[in-house]
Amino acid sequence: MGKLRVIASIVLALAAAAYSSAQRRALPDHFGKWSAVSPSSSIKPENTQEELLETGFANSLARTYSDGGRTLTAAVYQFRDPSSAYEIYTSALDPSMLPSTVGNNTAVGGSTLVALTGNLVVRVWPVQNPSTEELRELMKSLRARSEQTPLPPIRSYLPQGFTDGTQRYALGAAAFRNAFTALGRSEFANLASEAGFGSGAEAMFAQYRAGKDEAVVLLIEYPTPQLAEQHLRHLEQALSPAAKQAGTTIERKASLLSLILKPSSAAYGDALRSAVNYETQVTWNEPTHTITDPPWATILGKIFIFTFLFMIVAVVLGVAFGGVRVITKMFFPGKVFDRPDRMDVLQLGLSGKRIDSRDFY
């Protein structure tokens, strides 16, 4: 047993070393004109411990690159899956950041590029040093080393027109509370305990402004409509009277809850809710076929044909039945049909003549 434990420990150590080595190779040795001047090193992430735990944080590495007299640093944060990485990516955004031309899910704030690729969140600074093509080459290299599965669909349910940098995605209570703080709605942080993240809920926030109108939209999606209805009641009870008086409303549509937090007007809140891009679908996975009605002429023709055939069959069967009976009685009188010893005749006695059963055909 002692030897087995030693062997198991060695195997686990080798596996951990191989995994760590693979992760350290996530940052390439070079891209474009940039070459690494140092190996990848572990860095401490900026998010809270609670937020990292709920996202399945795995590793964070940084590496410094040089192009002649210029340098830049690239950092990679790895998470359990793209949904977890998307939560951290949205938490890094703010309205002062601008969309980047490097690719989808990239933003620039000050001198830092923040990007999402698969289950990796990437930071590059100072972003002014490399060209856009060089940054795209770096992202392509990291994309090949990341897990490429679809991002959460709930992000597409938000109404169009939200303020860039205010979108927040939450898989757990920590990100949920942080999103309220970032959007200036910290008084709703108590809803985190009633949102139902233990039941598989996921949430999406965004802030909207149109002239003098302003509101925050919160969408919470559940695995089933039953769970959504259950947590709808819990959230309604958790909303304070002041929040309800300020116009905060909550409604359910199938498995999705939509909350309009403190809209500037009830009409603006209703307009945002009606713009939520969420439709339910029923999928039938059994074999199907298309039923089409034939023309009326065909239907009437078939009716006449089959009626005529039925009449012919009825006549033939009637003649056959009667003919066989008559012929049998002619050749075998009183032996097959109407045998006198098996026939009884009920008489009224109106005449004195007794009826002879042999007179019947």
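The values are calculated or read from the model by the stated rules, or taken from the named source; none is laboratory data. Quick caveat, the model's predicted, so the values are computed rather than measured. Cβ sites come from the backbone with ideal geometry, for glycine too, and all protein chains shown count toward neighbours.
Selection over region 159-206 of residues that are outside any helix (DSSP H, G or I), polar (S, T, N, Q) and either over 19 Å from TYR278 (Cβ atoms) or without any contact (Cβ under 8 Å) to a residue 40 or more places away in the chain (or both) gives a count of 2. Under the condition of being more than 13 Å from ASP67 (Cβ to Cβ) and of a type in the set (A, V, I, L, M), the residues counted in region 130-144 number 3.
For the structure I just gave you, tell me whether THR181 is closer than 23 Å to THR166 by Cα and surrounded by 13 or more Cβ atoms within 10 Å (Cβ to Cβ).
no
Within region 96-144, the set of residues being within 16 Å of PHE31 (Cα to Cα) and of a type in the set (Ser, Thr, Tyr) comprises SER131, THR132, SER141. Checking PHE180 against (1) at pLDDT 95 or above; (2) closer than 16 Å to ASP270 by Cα: exactly one of these is not met. Which one? Unmet for PHE180, out of (1) at pLDDT 95 or above; (2) closer than 16 Å to ASP270 by Cα: (2).
In the set (1) over 18 Å from GLU137 (Cβ atoms); (2) modelled with pLDDT under 95; (3) acidic (Asp, Glu), GLU87 fails one condition alone, (2).
Considering only residues of region 37-46 that are within 15 Å of VAL122 (Cβ to Cβ) and either of a type outside the set (A, V, I, L, M, F, W, C) or in contact with a Phe, Trp or Tyr (Cβ under 8 Å, 6 or more places away or on another chain) (or both), which is modelled with the lowest pLDDT? Before the answer, list the steps.
Within region 37-46, the first condition is being within 15 Å of VAL122 (Cβ to Cβ), and the residues that meet it are 40, 43, 45-46.
Restricting the remaining residues to those that are either of a type outside the set (A, V, I, L, M, F, W, C) or in contact with a Phe, Trp or Tyr (Cβ under 8 Å, 6 or more places away or on another chain) (or both) gives 40, 45-46.
Details: SER40: 93, PRO45: 89, GLU46: 85.
Result: GLU46.
Only one residue in SER258, SER240, SER265 is among the hydroxyl-bearing types (Ser, Thr, Tyr) and crowded, with 17+ Cβ neighbours inside 10 Å. Which one? Outline the logic, then answer.
Values: SER240 fails: crowded, with 17+ Cβ neighbours inside 10 Å; SER265 fails: crowded, with 17+ Cβ neighbours inside 10 Å.
None of the others qualify; the one that does is SER258.
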